[in-house]
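The values are calculated or read from the model by the stated rules, or taken from the named source; none is laboratory data. Keep in mind the model is a prediction, meaning the values are calculated, not measured. No Cβ is skipped: glycine too gets one built from the backbone with ideal geometry, and neighbour counts run over all protein chains shown. Keep in mind that these areas ignore ligands, DNA and RNA; they rest on the heavy atoms of the full protein, side chains included. Shrake-Rupley method; radii C 1.70, N 1.55, O 1.52, S 1.80 Å.
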Amino acid sequence: MGRSEQQAYWKPGADLSMPFFLRRMDTEGRIRVPQIPETELPMYGFMFLRSGQVLLSVGGEPLLLHGGEFLLIPPGTPFAIRYYHDSVGYTGGFRENFLKDASHPVLRDGHFAVQAFTHKDMVFVDDIFRHLQEVFPRDTAYLKSGIDFLLAQLSPDEHREGSGIAAKFIDMVFDRNDRVGTVAYYARRLNISADLLNHHVRRYSNHSAMEWVNISRLAHARNLLMDTDLPIQDIAEATGLDDPSYFSRFFKKQEGLTPSQFRKNNSKKS
């Protein structure tokens with residue numbers, strides 16, 4: 001998928017009329033995702049992430065997917081992608097009548113499933129997906145066997161309950177209906193201390209809570225500078241930094257350009 005920012009990884013189209021489809025996913029850096037309504041697939045959707053992170057909302061629940069994890073989404077389950085970070089892997093979908101064996105327990109659970117693989121197993125699964133992509137769409141028998149093997153590895157109860165606080169925090173940080181807040185602000189909303197919030201977030205996502213706040217601030221600022229004519233002061237306030245001078249220093253430190261220079265170089269306005 002490269003650096004295209006206009007394409008969701010499961011976009012509606014001809015693929016959805018097929019019993020099976022598969023795409024390679026490869027984003028560089030932090031890719032913004034357009035604000036689009038949640039999507040529901042008429043088939044099972046899946047994502048295998050070899051490396052990087054993807055923040056999603058699945059069935060109304062925030063989910064942060066890491067490298068080495070496989071996600072399966074049942075048909076009709078609403079989902080949306082909020083954020084990519086160096087995401088490399090595969091996405092696709094299949095209809096139940098495509099399968100060799102539709103009796104896998106994970107298909108009867110009705111809830112999305114997440115399976116984490118060890119590094120050794122992850123390399124093996126990545127190799128399976130590479131072969132699937134090489135033979136798609138001509139070798140239907142191999143495609144069915146590959147998907148059947150992957151489904152056999154999934155457990156319906158694999159979703160990690162302990163990740164809930166971190167996932168909820170990251171989802172709130174990227175909620176564009178609210179301006180970006182401080183770590184203390186989000187800790188109060190979650191009814192825990194800032195230190196405990198940071199512990200959970202760092203343990204689950206390999207970033208501190210403050211790093212996620214700054215990632216969201218920068219992404220929001222970039223989008224507003226490219227897509228709107230809002231004054232710099234209003235953009236600073238929207239990102240949770242009320243002092244325009246401090247906002248400009250923060251932005252230049254991250255991007256190497258002032259907000260005004262960045263807007264001039266990247267504005268989509270004609």
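The calculated FRET efficiency for residue 149 paired with residue 86, based on their beta-carbon distance and R0 = 30 Å, is about 0.65. A Förster radius of 41 Å combined with the Cβ-Cβ distance from residue 260 to residue 120 puts the calculated FRET efficiency at roughly 0.25. For the range 198-204, backbone phi angles converted through the Karplus equation (6.51, -1.76, 1.60; θ = phi - 60°) give residue-by-residue couplings of 4, 4, 5, 5, 5, 5, 8 Hz, Gly and Pro being listed as x.
Computed with a 1.4 Å probe on the full set of protein chains, the accessible area for residue 111 sits at about 70 Å².
Multiply the residue gap between residue 130 and residue 191 by 0.36 nm, knock off their C-alpha separation, and tell me the result in nm, one decimal place. Before the final figure, lay out the partial values.
Values: separation 61, 0.36 × 61 = 21.96 nm, distance 4.41 nm.
Net length gain for the segment: 17.5 nm.
Note on residue 108: accessible area is roughly 130 Å² with a 1.4 Å probe, heavy atoms of protein only. Per-residue Karplus couplings for the range 53-58, computed as 6.51 cos²θ - 1.76 cosθ + 1.60 with θ equal to phi - 60°, are listed in order as 9, 9, 9, 10, 10, 10 Hz, Gly and Pro entered as x.
Residues 237, 40, ordered by accessible area of protein heavy atoms at a 1.4 angstrom probe radius and largest first, appear as 40, 237. The HN-Hα couplings worked out from phi for the range 136-141 by the Karplus form 6.51 cos²θ - 1.76 cosθ + 1.60 (θ = phi - 60°) are 6, x, 6, 9, 4, 4 Hz, whole numbers, x standing for Gly and Pro. Taken as Cα centroids, the range 206-262 and the range 37-74 sit 28 Å apart, rounded to the nearest whole angstrom.
Structure remark: mean-square fluctuation, Gaussian network model of the chain, C-alpha springs under 10 Å; the largest value among 77, 140, 239 belongs to 140. Largest accessible area first, the listed residues 123, 135 line up as 123, 135 when surface is computed with a 1.4 Å probe on the assembled protein chains. Quick check on my link table: of 120/252; 120/144; 120/253, which ones sit more than 31 Å apart, alpha carbon to alpha carbon? In this structure, 120/252; 120/253 exceed 31 Å between Cα atoms. When its C-alpha radius of gyration is set against 2.2 N^0.38 Å (N residues), the chain gives a value of 1.08.
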